[in-house]
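Okay, structure first, notes after.
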Amino acid sequence: VILDEGAVHRLLRFEDLIPAIAQALAELSAGRVVQPIRSILPITAHRGFFGVMPAYAGALGAKLVTFYPHNEGIPTHHAVILLFRPETGEPIAILDGRLITEMRTAAASAVATQLLARPAASVLAILGSGVQARSHLRALALVRPLREVRVWSPRNAQAFATRHGVKAMASPEETVRGADLVVVATSSQTPVLRGQWLSPGAHVNAVGATRPDWRELDDDLMARARLYVDSLEAARQESGDVMAARDLVAEIGEVVSGVQPGRRSAEEITVFKSVGVAVEDVAAADLVYHASLRIPSDAPDA
């Protein structure tokens with residue numbers, strides 16, 4: 001089965017993906033997933049990276065992904081996900097992975113938001129205006145009652161705001177002040193979010209800066225916040241923000257399963273730092289694959 005991005009778009013819904021990612025992360029934290037740290041090949045001549053991300057968690061597969069942060073006019077991430085039959089090793093599906101990567105990242109943040117953000121959190125600040133800003137807006141609206149959304153980015157905030165009916169802001173600080181929820185989804189390699197801007201009780205989802213020498217959160221925030229990650233093993237090797245943290249609290253999968261507590265008080269600042277892990281991609285791809293099997297081959301395109 002070959003499923004291109006259009007097929008993924010028709011078949012993958014956040015309503016189904018968010019609980020699937022929650023389950024996948026719980027399985028990862030429980031030690032029931034076979035998943036090595038992703039292998040990264042620098043493409044220095046073209047300022048890019050090529051990654052290989054295999055996982056076995058009932059479903060068996062691997063994502064091949066490229067990250068070219070300086071791309072303009074085309075996405076910075078491209079990917080292909082391969083699925084295999086676990087019992088025999090036979091290849092069963094090839095899926096375009098760009099949209100899956102976009103959506104599973106936001107779904108993981110939605111899982112963390114469900115568990116860590118205050119129930120009445122309703123003011124969302126987004127730093128960044130790319131595909132992750134778009135997908136996080138859609139996903140977080142499903143788990144919290146958003147009444148105000150603000151966005152800032154160096155170049156495209158107004159276009160994003162117009163397209164999605166939200167407020168464009170002039171600076172990161174102005175965007176974040178007074179917000180309950182913050183998404184940091186930029187390509188910055190130096191901190192764009194400062195802890196002193198955050199209100200007591202805020203929750204932050206940070207999905208950029210996935211290299212050891214890159215940062216998107218400042219030292220003040222990393223010292224003040226209660227920190228959760230998708231994978232301790234991966235975050236300690238891949239995230240400059242996590243390396244700068246005073247201490248790590250838990251994997252979000254441990255909170256899903258009740259092994260670790262989530263938010264402890266209304267005043268606490270919480271951070272979910274996501275580097276993205278292969279089990280999320282394989283779980284999402286498996287969801288799309290099985291959805292495709294339920295659609296008659298002669299059904300018209302949506």
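Quick notes
- Residue of ALA139, ALA168, ALA108 that the Gaussian network model of the chain assigns the largest fluctuation, springs spanning Cα pairs under 10 Å: ALA168
- Note on exposure: ARG263, ARG224 ranked by accessible area (1.4 Å probe, complete protein assembly) read ARG224, ARG263, with the most exposed listed first.
- Largest accessible area first, the listed residues ASP180, ASP213 line up as ASP213, ASP180 when surface is computed with a 1.4 Å probe on the assembled protein chains.
- Computed with a 1.4 Å probe over protein heavy atoms only, the accessible surface of the range 126-273 comes to 42 Å² per residue.
- Inter-probe distance in nm under a simple model that places probes 7 Å from Cα toward Cβ, at THR44 and ARG32: 4.4 nm
- Label assignment, mean projected area of the Cα convex hull in nm² derived from the structure, set (i) 21.0; (ii) 18.4; (iii) 15.4: (iii)
- Taking all protein chains as shown and a probe of 1.4 angstrom, THR101 keeps an accessible surface of around 20 Å².
- The angle between the Cα long axis of helix 98-116 and the main principal axis of the chain comes to about 50°, on a 0 to 90 degree scale.
- Of GLY97, GLY130, GLY89, the one that fluctuates the most in a GNM where the chain has Cα springs shorter than 10 Å: GLY89
- Pairwise label distance in nanometres, GLU72 with GLU5, each label 7 Å out on the Cα-Cβ vector: 2.0 nm
- Placing R0 at 35 angstrom, the Cβ-Cβ distance between ASP219 and ARG155 gives a FRET efficiency of 0.85 after rounding to 0.05.
- Taking Lys and Arg as +1 and Asp and Glu as -1, the other residues whose beta-carbon sits under 12 Å from that of ALA157 total +3.
- Residue-level accessible surface for PHE67, protein heavy atoms, 1.4 Å, Å²: 40 Å²
- Charged-residue dipole, Cβ positions (Lys, Arg, Asp, Glu), the chain about Cα centre, Debye nearest 20: 620 debye
- Separation in nanometres of the label points that stand 7 Å from Cα toward Cβ, at HIS290 and SER122: 3.7 nm
- Angle in degrees between helix 278-293 and the longest Cα principal axis of the chain, rounded to the nearest 10: 50 degrees
- The chain: most fluctuating residue of LEU140, LEU232, LEU181 per GNM, C-alpha cutoff 10 Å: LEU232
- Helix 131-140 vs. the chain, principal-axis angle (Cα, 0 to 90°, nearest 10): 80 degrees
- A full extension of the chain between GLU15 and GLN189 corresponds to an added length of 59.4 nm, given 0.36 nm per residue minus the alpha carbon distance.
- Heavy-atom accessible surface of the chain: percent carbon and sulfur, 1.4 Å: 52 percent
- When the helices of the chain are scored as -39500 (n - 2.57) per DSSP H run of n ≥ 4 and the total is divided over every residue, the value at 222 nm lands at -10000 deg cm²/dmol.
- Solvent-accessible ranking of ILE2, ILE74, largest area first, probe 1.4 Å: ILE2, ILE74
The values are calculated or read from the model by the stated rules, or taken from the named source; none is laboratory data. Since the structure is predicted, the reported quantities are computational estimates derived from the model, not experimental observations. Don't worry about glycine lacking a Cβ; one is built from the backbone with ideal geometry, like all the others, and counts go over all protein chains shown. Ligands, DNA and RNA are excluded from the accessible area calculation, which covers all protein heavy atoms including side chains. Shrake-Rupley method; radii C 1.70, N 1.55, O 1.52, S 1.80 Å.
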